[in-house]
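Heads up: the structure comes next, in structure tokens.
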Amino acid sequence: MERVNSTSLTEFILTGIPYPLRLRTFLFVFFLLIYILTQLGNLLILVTVWVDPQLHARPMYIFLGVLSVIDMGISTIIVPRLMMNFTLGIKPIPFGGCVAQLYFYHFLGSTQCFLYTLMAYDRYLAICQPLRYHILMNAKLSTLLVTGAWVAGSIHGALQAILTFRLPYCGPNQVDYFFCDIPAVLRLACTDTTVNEQVTFVDIGVVVATCFSLILLSYVQITQAILRIRTTDGRRRAFSTCGAHVTMVTVYYVPCAFIYLRPETNSPLDGAAALFPTAITPFLNPLIYTLRNQEVKLALKRMIGGPGTKSEV
């Protein structure tokens, strides 16, 4: 493709993910259902946490409600644009739209990373410091922590967007990916991107490594505390409160590490891995929490059954 002057580059073309043409309609319907179910599932969790008096004042479920908002946001930023890949014709994205998509994805993605860490810390306090839990983690503190996560995430997203789009882009404008993300966009810059790649690796690496290390440290302490519980039922109930969070962290961190924390490649597996944090994880989180968390299931029964439904202790 012929290179043009950088001032004339006003849009990008997202190539999407490769697929057999005979599956075009199936994939469009599949991701449409994924998007609709993601929004409905996370909205259901959000409403349940908000209206149930036994949940909305507890830090763990404040975090869960915020997670639902983030999942709805990430899905909305990515999936509708992905679905356009399965329609006829070329659907360019404006330059400003590409900037916004990259910013909001990294803003919400890093906020989600921080939130998973806060959720692990909350579980650590609940299991390892049960007598002091309501002093160490209350609604006011959890709100401040969530606010800090949002602020840190917005700074991270802004840094990545500014560093990426301060470079000159003089053509071609075809992004070999299904959304505007750093590695794919940097390949189109008509200047040396070594500094950007190093800063991106260090910045995302520090965020991911720090959050994951804190989560791992929390669960080492949690596991030791649970193993000291004498009854089998007590251990089972303690593990069940952490199972959903561990599952979400695994599904989130493994693909992110594969995408960002390895030498630069242009593998077809990149797109498949990126589908997890952008489309699959937001869809799975409500299912994981409703299937693995007994308190959420009871709250849903109370909400569906109305005021007369008895709560279980």
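Can you say whether Tyr289 is more than 30 Å from Thr10 (Cβ to Cβ), part of a helix (DSSP H, G or I) and modelled with pLDDT under 80, as far as the supplied structure shows?
yes
Here is a list of conditions, (1) assigned to a helix (DSSP H, G or I); (2) surrounded by fewer than 17 Cβ atoms within 10 Å (Cβ to Cβ), and Ser75 meets all of them except one; can you say which number that is?
With respect to (1) assigned to a helix (DSSP H, G or I); (2) surrounded by fewer than 17 Cβ atoms within 10 Å (Cβ to Cβ), Ser75 is out only on (2).
From the list Leu131, Leu144, which one is outside any helix (DSSP H, G or I), out of contact with any helix residue (DSSP H, G or I) (no Cβ under 6 Å at 6 or more places or on another chain) and within 22 Å of Arg58 (Cβ to Cβ)?
Residue meeting the stated conditions: Leu131.
Can you tell me which residue in region 19-64 is least open to solvent (accessible area, probe 1.4 Å), limited to those that are among the charged types (D, E, K, R) and over 30 Å from Asn138 (Cα atoms)?
Step by step, filter region 19-64, then rank; the result is Arg24.
Which condition number does Met83 fail, the rest of (1) in contact with a Phe, Trp or Tyr (Cβ under 9 Å, 6 or more places away or on another chain); (2) in a helix (DSSP H, G or I); (3) of a type outside the set (Gly, Ala, Ser); (4) open to solvent by less than 10 Å² (accessible area, probe 1.4 Å) being met?
For Met83, the exception is condition (4).
Tell me which residues, restricted to region 15-62, are under 30 Å from Ile127 (Cβ atoms) and not in a helix (DSSP H, G or I).
Matches in region 15-62: Asp52, Pro53, Gln54, Leu55, His56, Ala57, Arg58.
Across region 147-171, what is the total count of residues that are part of a helix (DSSP H, G or I) and either over 16 Å from Arg187 (Cα atoms) or open to solvent by 70 Å² or more (accessible area, probe 1.4 Å) (or both)?
Qualifying residue count for the region: 14.
Scan Ala126, Ala120 and give me the residue that is open to solvent by 20 Å² or more (accessible area, probe 1.4 Å) and in a helix (DSSP H, G or I).
Checking each option against the conditions leaves just Ala126.
How many of the residues making up region 241-260 are among the β-branched types (Val, Ile, Thr) and free of Cβ contacts under 8 Å to residues at least 40 places away in the same chain?
Final tally of qualifying residues: 4.
I'm checking my understanding of the structure. Among residues of region 222-241 that are of a type outside the set (Ser, Thr, Tyr) and open to solvent by 70 Å² or more (accessible area, probe 1.4 Å), which one is farthest from Cys128 (Cα to Cα)?
Selected residue: Asp233.
Within 20 Å of the chain's Cα centre (by Cα), crowded, with 16+ Cβ neighbours inside 10 Å, at pLDDT 85 or above and under 20 Å from Glu11 (Cβ atoms): does that describe Ala184?
yes
Does Leu144 fit the bill of being crowded, with 23+ Cβ neighbours inside 10 Å, aliphatic (A, V, I, L, M) and modelled with pLDDT under 95?
Judged against the criteria, Leu144 is not a match.
Residues are listed down the side, and each one gets a yes or a no for (1) of a type in the set (A, V, I, L, M); (2) at pLDDT 85 or above:
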| position | (1), (2) |
| --- | --- |
| Leu32 | yes, yes |
| Tyr35 | no, yes |
| Leu40 | yes, yes |
| Leu46 | yes, yes |
| Val51 | yes, no |
| Val66 | yes, yes |
| Ile74 | yes, yes |
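The values are calculated or read from the model by the stated rules, or taken from the named source; none is laboratory data. What you see is a predicted model; the values in this text were computed from it and never measured. Here Cβ is always computed from backbone atoms with ideal geometry, including for glycine, and neighbour counts include all displayed protein chains. For accessibility, only protein heavy atoms count, side chains too; no ligands or nucleic acids. Shrake-Rupley method; radii C 1.70, N 1.55, O 1.52, S 1.80 Å.
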